[in-house]
Every structure is written in C-alpha cells, then in structure tokens.
1. Of these, Ile225, Ile176, Ile198, which one is surrounded by 19 or more Cβ atoms within 10 Å (Cβ to Cβ), over 30 Å from Ile131 (Cα atoms), modelled with pLDDT of 90 or more and of a type in the set (A, V, I, L, M)?
2. Does any residue of the range 63-71 turn out to be more than 30 Å from Lys19 (Cα to Cα) and in contact (Cβ under 8 Å) with a residue 24 or more places away in the chain?
3. For Ile245, state whether it is at pLDDT 90 or above and assigned to a helix (DSSP H, G or I).
4. Within the range 93-108, how many residues turn out to be surrounded by 16 or more Cβ atoms within 10 Å (Cβ to Cβ) and not aliphatic (A, V, I, L, M)?
5. Are there any pairs with C-beta distances below 8 angstrom linking a residue in the range 171-195 that is over 23 Å from Leu299 (Cβ atoms) to a residue that is open to solvent by less than 40 Å² (accessible area, probe 1.4 Å) and part of a loop (DSSP other than H, G, I, E, B), with the two at least 6 apart or on different chains, and if so which?
6. Going by the structure shown, is Lys43 out of contact with any helix residue (DSSP H, G or I) (no Cβ under 6 Å at 6 or more places or on another chain) and among the charged types (D, E, K, R)?
7. Mind telling me which of the residues Leu348, Leu299, Leu313 ends up being farther than 21 Å from Thr246 by Cβ, open to solvent by less than 40 Å² (accessible area, probe 1.4 Å) and either of a type in the set (Lys, Arg) or at pLDDT 90 or above (or both)?
8. Restricting attention to the range 219-234, which residues are within 15 Å of Ser260 (Cβ to Cβ) and part of a helix (DSSP H, G or I)?
Amino acid sequence: MPSIFIDSVTNTKGLKKYKVRVRAFKGEPVTGQKTRTFSTKAKAIAYSKKLNRQFEKNNYEIFFDQSKHYTIGHIINDYLDNPLTKILIKSGHKSPLKQILKTSFAFVTSTNISAHNWYMLALQMKELLQIKPQTAANYLSILHSALKDCITILCYSINLNEYSNGLSTARRIGLIAKTDERKRRPSEFELDKIKEAITNNKISKGSIIPMLDIMEFAIETAARIGEICSNKITWSNWNPKNNCITITNRKSPNKENISSCFELSPKALEIIMRQPRGNHYDPIFPYNAKTVSKYWQVLMRELKIEDLRFHDLRAEALCRLYEKGWSLSAISKVSGHRDLNILNNVYLRLLPPE
C-alpha cells in the first residue's frame, strides 16, 4: 500500500503549512508521488486518514491526473501499461489498440473528440491501415470499451458523446460494416480429405493430439473447441449409465452460467470410450484449445481448403440435426442456445430454403 508522510513547511511569508506526501513504489498497483498542502495539521491528518481508507479499498485515484489535455494516444498507452487495466485486456484487443495509435486519432485531445474525429478514424482504417469494414467496426468497438474503462478506472476525462454520430456516417458510406454472415459448410469431399490426411499423418507428423477424434466429436456434439478441450467436459460430466454428457459454463451473450445435458450419439460415445481415462475431474480431451485451432489452420492451408474454420463444424453439426428432423427446441438443448432466434438465424440459415 502507498506510504503517506506529513511534513511541516514554512512558506516565504513565514506561515507554517503541512504537506501530505503520498509515495507508491515499484511493486505497488500504482507508482509515483503526489503532494497536497494544508493550512493546519488537523486537516492534513484527516486527509491522510481518508487516503488510507481509499487505499484499503484499492482506490488509487489520487495518482491519476484528471487534466483535460491528454491525447487519446497517451491514454491508450496508459491503458495498455497501467497495472490496473492491463490485466483486464483480452489478448486479441492489444493489437487493434496499437494499430489505432498509428492514426491521427491518437493526437486528438480526449475532451474534444468530435463526430468528425470518429469518422476520420474509420476512414484512415480503410485507407492507411488497409482494414476491412467489418474489422474496422470491431476495432472501434474495442477502442470505445477501452476508453470507457479509462474513464472509470483511470479517472480520465474523455468525451464519448459523438461516438454514435461519427459511426453512423461511417457505416452509411461503407467504412464500417457488420461482420459477414458465415455460410460455410464443409463438403463430404473436404471432410474425407481431412480425415485421410489426419489418419495417414500427412500433416504435422508426430502430433500427440487425437485430431480426428476431436474433429468428429465436434461434429457429433456441436461443442465448441473451447468446450471440448477444457474442464467444461470432464470425465465427471459424462454419465455412462444413460450415455448423457453435460457441458458446463457455456458461452452466453448475457454472461449467464449456462449448462446443457443431452444424450450422446453412438459415434460420440465410441470416441469418448477410446480416450485414456483420467481422474474424475480431468478433461476428457486434455489438450490446449489454441494448439488444436492452430493445427486446424495449418491443416487447411496444407490441404488448400479455403475459409473453413474449426467453429464451422459446430454449425455443420446443428444443420445435420435439423436435417434429421429435430425441432429447434431439441437442437437448442445440444447447442446451448436459449434464444432460438440466434440458433435459427446464425446457424440454421446455412440450410437451403425448402
């Protein structure tokens, strides 16, 4: 916790003042020194007690200068480096923020951000950074959220009132756009090609990851790779008596704690049965999801299969259930969707119209 000192000083007029010095050293949540002078010792002591109460609550706002003349570039750099915020940043958000530092938006004063500034940022993303409209929209969303965190956590004064106006124009003329809808389904030829390559060890020889089992398990269960290779599917989640699997803590737009339980297909059951048995709470597939995703990307590149993501296997699985005559309600128990509109519009849109 930062240290607080009270020093008595005499000014040029011979009057005695009391200076409160606050110092935070390396290893503290913040670093630096701040001072404030009081006319009486009682006021200085009261202020120091107030600071101690704030520090006990992890409130270090005294160290953050609320000057209205910081540039967005200064604030982004502080956000990326400050111990209070850098632990909150998702790994995929750092690169977009650093890209924005290359634009003129980085030199805009935080309290004077206009709709024109937001528009020019979108324009420079296209012309200077060569970023697609869909990606630009994502970058802007990341920046907007980061700046809101800087207001709340780092106590910066930032005017975000013109964000919507600037983006409205940028969207209307095509500088930013919604993410393209995925319509990709693997063909049987492609799936056979992938299975053959994995089976014959044509790609990444020596890999210990049972890629074929993971791939087919995804198609049989519609589970995400982050669910398959994690503690969301452990040996304790499988009930051999009724052949049901429970997937816990599934992804939710509202951050709800969603779990789903459904009966495994015979093929999915076979896949589980041939995995090396771990302890009760060990994952059935104890592999790194990022490594599996990387392997998939290499595999697609080597086989010259374009634009097929591992996540597309989830949509493939749900489409197959629909083609078998399953209702949306029944499919949602497998997919984990509570909103049937998302299930229908995002995944089952891949099916051709009847």
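The values are calculated or read from the model by the stated rules, or taken from the named source; none is laboratory data. As the structure is a prediction and not an experimental result, all values here were calculated from the model. Neighbour counts are summed over all protein chains in view; Cβ atoms, including those assigned to glycine, are modelled from backbone coordinates with ideal geometry. Each accessible area value is taken on the protein alone, full model and side chains, heavy atoms only, with ligands, DNA and RNA left out. Shrake-Rupley method; radii C 1.70, N 1.55, O 1.52, S 1.80 Å.
1. Sole residue among the options that is surrounded by 19 or more Cβ atoms within 10 Å (Cβ to Cβ), over 30 Å from Ile131 (Cα atoms), modelled with pLDDT of 90 or more and of a type in the set (A, V, I, L, M): Ile198.
2. Taking every residue of the range 63-71 in turn, at least one turns out to be more than 30 Å from Lys19 (Cα to Cα) and in contact (Cβ under 8 Å) with a residue 24 or more places away in the chain.
3. So Ile245 fails the test.
4. Of the residues in the range 93-108, 5 are surrounded by 16 or more Cβ atoms within 10 Å (Cβ to Cβ) and not aliphatic (A, V, I, L, M).
5. Once the first residue is over 23 Å from Leu299 (Cβ atoms) and sits in the range 171-195, its partners that are open to solvent by less than 40 Å² (accessible area, probe 1.4 Å) and part of a loop (DSSP other than H, G, I, E, B) give Arg171/Ala177.
6. In short, yes.
7. Leu299
8. Across the range 219-234, the qualifying residues are Glu220, Thr221, Gly226, Glu227, Ile228.
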